[in-house]
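Structure first, commentary second.
Here, each number is a calculation from the coordinates, and none is a lab measurement. Since we're looking at a predicted model, the values are computed, not measured. Backbone-built Cβ (ideal geometry, glycine too); neighbour counts: all protein chains shown.
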Amino acid sequence: MPVPALHAPLALAGDKPGPFSGNAARRGLGMLIDLPAGQRQLDDSATGSGLGVPDPARLLWTLSRRRDIDTFWIADPGDADEPGAVRLREPDLAADRMDFTVAGENGGSIQAVWPYRQWEQQAAASVPAGVSGQAWLRDVLVARVAAELCADLLVTSRKPVLDSVEPWLAQANPLTAEQALGVVGLYLRNRGEYPVAGDGTSWLMFGEHLLFWSAARAQLPSGWRWGSALVAHGSAVGRQGPGLLFGSLHERVVRLLRCRDQIHLALLVPQDNQTANRATEALDYFMVNLVGAFDAAARAAHLALGLDQRKRRRAGWQNGDWMAMVRDGDPSLAALFAPGTDHDRVLEVCRTLRNTVHGEALHTIAVQHGGKPRQTLVALPEDDAEDLCALFDHLGGRDEWGLCPLAAGQRHIAPAVLIERLLPQALRQLDDALRLTPVERLGGITGSTLLAAPPDDRQFGLGTRTRVSLLFGLPCPSI
């Protein structure tokens, strides 16, 4: 699940800065959870010395118990009035309002959705196919409750709400539990907090680098076999280089994940020149590290295939001369990045945007439509814009990649959409390269030295990698 874009709740005079601000006076992240009672339970998969695979909704509910997250939840009739419980009342037609109560630590409060008839009419005019009018009215009112509470997220499993294109409903940021975990993870990392398990009051915390390292390794399952071969080979021949190459590739992924965080953090606050510059700088570093990871994989392939070490600097998946040598040594590996394949196209997108460091630099433009908040877009390199658009056409379409044509001859892109579309596919393709690299040909390798799977421990077991992937808004591992 990618980290989604968010609409900011209505800000009033005197309000604290939003939860993603760098200001120490910022407020906490606010959530309204509208999930069945069975999903509003603490995660119980972390038992003994290991961490089990969590249910996303229960992991989210556990994290929602933290004091740095402001949580509200739609209570069922039998639920206790614990702090944060929200109960909807019958509408008062005479007063044209629907009251709701919010339980607090020192009592409760009464708030209201107003004007009730306006939202009743909006609901009646937009009922999705196959949904009862009463159920849809209830969903619309819950979204309005989220707006009244100034919640940043509305967590729901109700598909009509999640699929709605109504702008007044999208303003409440309806998300699944999985999507919400990506936002919560970003929020916590911005605060320097790295929990991976807990019971609502005490927490198992990772260090920052271990959290990022675990996320990187979760996205590259073939890296365990690939990396163990490089380390064993380095030991056998008495050289540090192969082992450092293994570490370098994964560290590149760690760095690009940090850059991804910085891009989102720069774009989830009111936009100005400073935030635009931060987003562009992080996008530059993101591309450099992503291409660097592919280059490290190519250098390892050069070593595994026994190619001339004097020509190792030629190693690159889009270097025709080098790929001809790879084709002679391993046709299946060479075919992975053959011209016209999606692997080749995605890597070309990465290389084109990375190569702006050599010439026309990425630059931003501020865009504002009507009363909507200002948006930061990045201009594609003028000389490469049409080639990039053609690549996007082959890879799912320009809208999917965040392309925003503003005027004839000008091409701009939404950086958050770009990286969320690019990253999962690029990492899958990088993992394909690691998987097909014939590391078993390296000297000093035996079957027992190759790690076929990650260790089942607290740092890298399936439960940990799943938790970390959810908190980063990345695809969850299957093994």
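Sort out for me the Cα centre separation of the range 462-479 from the range 421-455, rounded to whole Å.
Going from one Cα centre to the other spans 19 Å.
Which value, in nm² and rounded to one decimal, describes the direction-averaged projected area of the C-alpha convex hull of the chain?
The orientation-averaged projected area of the Cα hull of the chain comes to 26.2 nm².
Skipping prolines and chain starts, which residues have an amide H placed within reach, meaning under 5 Å, of the one on Arg97, given they are 5 or more residues away or on another chain?
Asp92, Tyr116
What 222 nm value per residue comes from the helices of the chain, counting each DSSP H run with n ≥ 4 as -39,500 (n - 2.57) and dividing by all residues, nearest 500 deg cm²/dmol? Write out the running numbers ahead of the final one.
Details: 16 runs with 214 residues, N = 479.
One gets -14500 deg cm²/dmol as the mean residue ellipticity at 222 nm.
Would the range 213-255 count as rounded, prolate or oblate if I go by the C-alpha gyration tensor, calling it rounded below 1.5 in a/c and otherwise prolate when a/b exceeds b/c, oblate otherwise?
oblate
Taking the alpha-carbon distance from Lys16 and a cut-off under 26 Å, which lysines remain once sequence neighbours fewer than 8 residues away in the same chain are dropped?
Answer for Lys16, where 26 Å is the Cα cut-off: Lys372, listed by chain and number.
Does the range 318-417 come out rounded, prolate or oblate by the C-alpha gyration tensor, with a ≥ b ≥ c the root eigenvalues, rounded set by a/c under 1.5 and, if not, prolate when a/b is larger than b/c and oblate if not? Don't jump to the answer; show the numbers that get you there.
Working: a/c = 3.25, a/b = 2.36, b/c = 1.38.
It is prolate, given that a/c is not under 1.5 and a/b is the larger ratio.
Quick one: angle between helix 320-329 and the longest Cα principal axis of the chain, in degrees between 0 and 90, rounded to 10, please.
Rounded to the nearest ten degrees, it is 70.
Quick one: grab the alpha carbon gyration tensor of the range 79-205, order the square roots of its eigenvalues as a ≥ b ≥ c, and give me rounded if a/c is under 1.5, else prolate or oblate depending on whether a/b is larger than b/c.
Note, shape of the range 79-205 comes out oblate.
In degrees from 0 to 90, rounded to the nearest 10, what is the angle of the helix 385-394 Cα long axis to the longest principal axis of the chain?
The two axes meet at around 80 degrees.
Determine the sum of side-chain charges near Val291: Lys and Arg each +1, Asp and Glu each -1, restricted to other residues whose C-beta is under 11 angstrom from that of Val291.
So the surrounding residues net to +1.
Output ³J(HN,Hα) for the range 100-108: one whole-Hz value per residue in order, computed from phi by the Karplus curve 6.51 cos²θ - 1.76 cosθ + 1.60 with θ = phi - 60°, and x for Gly and Pro.
Once θ is set to phi - 60°, the couplings for the range 100-108 become 9, 9, 10, 6, x, 5, 10, x, x Hz.
If one takes the longest principal axis of the Cα atoms in the chain, at what angle in degrees, from 0 to 90 and to the nearest 10, does the Cα axis of helix 177-190 lie?
Taking the Cα atoms of the chain, the angle to 177-190 is about 80 degrees.
If you restrict to DSSP beta bridges whose two residues both lie in the chain, what percentage is antiparallel, to the nearest 5?
The antiparallel fraction comes to roughly 65 percent.
Using the Cα atoms as the points, what is the convex hull volume per residue of the range 374-456 in Å³?
Details: hull volume 13.4 nm³, N = 83.
Measuring per residue, one finds 162 Å³ for the Cα hull of the range 374-456.
In straight Cα distance, which aspartates and glutamates are under 19 Å from Lys159, not counting same-chain residues fewer than 8 positions off?
Cα-Cα hits under 19 Å: Asp34, Asp55, Asp139, Glu178.
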